[in-house]
Amino acid sequence: MAVTGLIFAAFVLVHMIGNLKVYQGAEHFNAYAVWLRTLLEPLFPYEGVLWALRIVLIVCLVGHVGGAAMLVARARRARGPFRRRRLPMRSFLARTMPVTGVVLLLFVIFHLLDLTTGTRPAASASFEHGTVDTSHAYENLIASFQRPEVALFYILAMVVLGMHLAHGLWTATHDLGATSHRLRAIAVAVSGILAIAIMLGNISIPVAVLLGVVQ
Amino acid sequence: MRLTLKIWRQRSGDDVGGFESYELDGAGAEFTLLEALDKLNDTIVAGGGEPVAFDSDCREGVCGSCGVTVDGVPHGPVANTPSCRQHLRSFPDGGTVTLEPFRSAAYPVVKDLVVDRSALDRVIEAGGFVSIDAGTAPDADSHQASHETVEAALDFAACIGCGACVAACPNGSANLFTGSKLVHLSLLPTTQEERGKRAGAMIGAMEEEFGPCSVYGECVQVCPAGIPLAAIAGLNKEKLRAVLRGKDN
């Protein structure tokens, strides 16, 4: 789970950096979307690298969810009939990992239907598919976030992502055996900063769309 | 002071068990939790009843025998303190205190507040020892180890094996316990010969009876020996090292 989780963390970081290109305007954002499909052409075919990355992510998803299911099952068996109650807030993030995980899974499904496959009603009414050398990613994103309920769900999902990432990165630090004081101090800081940065970076986009800053 | 003690009574492992309330009068705030139970038992025995069974030995926090769950927290309200060092001054006069055994599927109840913690022994039996002949005490200079290394080994060797970490864990994990043993033994010269084999064996035994770690951090709050969360990272480090090297040492 640590390895697949870290791959997801790297993905959401790169994804957020890509998302922030929305502030550079439609042309730049759409060119980035086209570039993702033509990446490393002609060495790889059209969408080749994109699909390779998608397959890596799908494999990670299966591993991560499978690992989580096994973990929950083992934990239930091991703790016995008397579970600990009234746990203090300090373990809130750890306790909510399965919940935040399920919310994120649901969000990913919605997000793909909304902005990748353009399946209505998840996608906006004006969703348009790209062609080989054009993309409507910018327009699709704006149209999607102009629906307040979608923007709100996105913001909520990003808060949940921040929570899941903060504890997930810290747990991965343990799973990968970081014992030294210095490394652990760095890991605490990186977990928190990365989680908050990704959360706020992404949340800024629907807020900007709703405020009319990005049109 | 006056306290109402809600105590888990269970005649044997096969019995269902349940809470019973007792009034404890005239106990001092300086009484430890176990002294309060002693006092209560005196009253129960005088009245012809069956005393409340609980584990205890040294009563000074070094043996790891005692352990009850107090108001849902293993050992009691004061962090990093064994049951025998928890005092009644932590509770409000006239209040109610709930006492039950350490809760975990790996700890079957023997009687009342006594649980069977042999599952921890089975983890130790799997590899928590040195099987090479170390002979008599060697010359002080023959085994070179830095002061820092020895201090670190001692920090992890501080585990008294009370098993509160398992009871505190919402996953019923023994990673803090096993991690402290593995890190302690991985640092010293003579014990390194079996480092890889030990990690595989102890972690294998642990995973058979205990749950997985999700880094709740509840264990380090109750640990009377103050074992740090780094022990869990240490356990995974030993596991990764053993898997990647595939050697006994």
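The values are calculated or read from the model by the stated rules, or taken from the named source; none is laboratory data. Everything numeric in this text was worked out from a predicted model, so none of it was measured. When we count neighbours, we look across all protein chains shown, and the Cβ atoms used for this are built from the backbone with ideal geometry, even at glycine. Accessible surface is based on the protein model in full, side chains and every heavy atom, while ligands, DNA and RNA are left aside. Shrake-Rupley method; radii C 1.70, N 1.55, O 1.52, S 1.80 Å.
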**Study point:** Residue that is within 14 Å of chain B (Cβ to nearest Cβ) and outside any helix (DSSP H, G or I), where the choices are A:Ala125, A:Ala178, A:Ala172
**Key:** A:Ala178
**Study point:** Subset of region B:82-114 (residues that are in a strand (DSSP E or B) and without any contact (Cβ under 8 Å) to a residue 60 or more places away in the chain)
**Key:** B:His87
Review point. Within region B:231-249, which residues are among the acidic types (Asp, Glu) and more than 10 Å from chain A (Cβ to nearest Cβ)?
Key: B:Asp248
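Open to solvent by 10 Å² or more (accessible area, probe 1.4 Å), in contact with a His (Cβ under 6 Å, 6 or more places away or on another chain) and modelled with pLDDT of 95 or more, is that true of B:Ala157?
Yes.
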Point to revise | Every residue from region B:50-81 that is in contact (Cβ under 8 Å) with a residue 40 or more places away in the chain and over 15 Å from B:Leu37 (Cα atoms) | key: B:Gly61, B:Val62, B:Cys63, B:Gly64, B:Ser65, B:Val73, B:Pro74, B:Ala79, B:Asn80, B:Thr81
Check your understanding: Which condition number does A:Met97 fail, the rest of (1) exposed (fewer than 13 other Cβ atoms within 10 Å of the Cβ); (2) on the phi < 0 side of the Ramachandran plot; (3) of a type in the set (A, V, I, L, M, F, W, C) being met?
Key -> (1)
Practice item. Identify, by number, the condition in (1) among the hydrophobic types (A, V, I, L, M, F, W, C); (2) in the same structural domain as B:Gly204 (by TED's automatic domain parsing); (3) farther than 27 Å from A:Leu176 by Cβ that B:Phe177 doesn't meet. Key: (3)
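A:Val150 - would you say it is away from every other protein chain (no Cβ under 14 Å), open to solvent by 40 Å² or more (accessible area, probe 1.4 Å) and within 20 Å of the chain's Cα centre (by Cα)? Quick ask: steps written out before the conclusion?
Numbers: away from every other protein chain (no Cβ under 14 Å): yes; open to solvent by 40 Å² or more (accessible area, probe 1.4 Å): no; within 20 Å of the chain's Cα centre (by Cα): yes.
Judged against the criteria, A:Val150 is not a match.
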Check your understanding: Among all residue pairs at least 6 apart or on different chains, which show Cβ distances below 6 Å where the first residue, located in region A:176-190, is closer than 18 Å to B:Val183 by Cβ and the second is of a type outside the set (Ser, Thr, Tyr) and part of a loop (DSSP other than H, G, I, E, B)?
Key -> A:Arg184/A:Ala178; A:Ala187/A:Ala178
Review point. Can you tell me which of A:Ala122, A:Ala75 is closer than 30 Å to B:Pro170 by Cα and open to solvent by less than 50 Å² (accessible area, probe 1.4 Å)?
Key: A:Ala75
Revision key, fill the gap. Across (1) at pLDDT 95 or above; (2) crowded, with 19+ Cβ neighbours inside 10 Å, B:Leu187 clears everything bar (1)
Exercise for review: Sort out for me the helices (runs of 4 or more DSSP H) sitting completely within region A:1-120 that have 1 or more residues that are under 30 Å from B:Phe19 (Cβ atoms), aromatic (Phe, Trp, Tyr) and without any contact (Cβ under 8 Å) to a residue 40 or more places away in the chain.
Suggested key: A:92-95
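Among the residues that make up region A:108-116, is at least one of them among the β-branched types (Val, Ile, Thr) and within 14 Å of another protein chain (Cβ to nearest Cβ)? Full working, then the answer.
Of all residues in region A:108-116, those among the β-branched types (Val, Ile, Thr) come to A:108-109, A:116.
With the extra rule that they be within 14 Å of another protein chain (Cβ to nearest Cβ), the set shrinks to none.
No, because not a single residue in region A:108-116 is among the β-branched types (Val, Ile, Thr) and within 14 Å of another protein chain (Cβ to nearest Cβ).
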Point to revise | Output for region B:132-177, where each listed residue is in contact with a Lys or Arg (Cβ under 8 Å, 6 or more places away or on another chain) and among the polar types (S, T, N, Q) | key: B:Asn171
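Residue check: is B:Pro228 on the phi < 0 side of the Ramachandran plot, within 13 Å of another protein chain (Cβ to nearest Cβ) and either modelled with pLDDT of 95 or more or surrounded by fewer than 24 Cβ atoms within 10 Å (Cβ to Cβ) (or both)? Can you show your working first?
On the way: on the phi < 0 side of the Ramachandran plot: yes; within 13 Å of another protein chain (Cβ to nearest Cβ): yes; either modelled with pLDDT of 95 or more or surrounded by fewer than 24 Cβ atoms within 10 Å (Cβ to Cβ) (or both): yes.
When the stated conditions are applied, B:Pro228 passes them.
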Revision key, fill the gap. If we keep only residues of region B:182-214 that are among the hydrophobic types (A, V, I, L, M, F, W, C), closer than 15 Å to A:Ala78 by Cα and in a loop (DSSP other than H, G, I, E, B), then the residue nearest to the other protein chains (Cβ to nearest Cβ) is B:Phe210
Practice item. Identify, from the list B:Gly47, B:Gly18, B:Gly94, B:Gly26, the residue that is more than 19 Å from B:Cys165 (Cα to Cα) and modelled with pLDDT under 95. Key: B:Gly26
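Could we say that A:Ala52 is modelled with pLDDT of 95 or more, open to solvent by 30 Å² or more (accessible area, probe 1.4 Å), in contact with a Phe, Trp or Tyr (Cβ under 8 Å, 6 or more places away or on another chain) and not basic (Lys, Arg) here?
Values: modelled with pLDDT of 95 or more: yes; open to solvent by 30 Å² or more (accessible area, probe 1.4 Å): yes; in contact with a Phe, Trp or Tyr (Cβ under 8 Å, 6 or more places away or on another chain): yes; not basic (Lys, Arg): yes.
So A:Ala52 passes the test.
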Practice item. Could you tell me whether any residue of region B:217-224 is within 14 Å of another protein chain (Cβ to nearest Cβ), part of a helix (DSSP H, G or I) and farther than 22 Å from B:Ala106 by Cβ? Key: no
Exercise for review: Go through region B:195-225 residue by residue and tally those that are open to solvent by less than 20 Å² (accessible area, probe 1.4 Å) and either among the acidic types (Asp, Glu) or in contact with a His (Cβ under 7 Å, 6 or more places away or on another chain) (or both).
Suggested key: 3
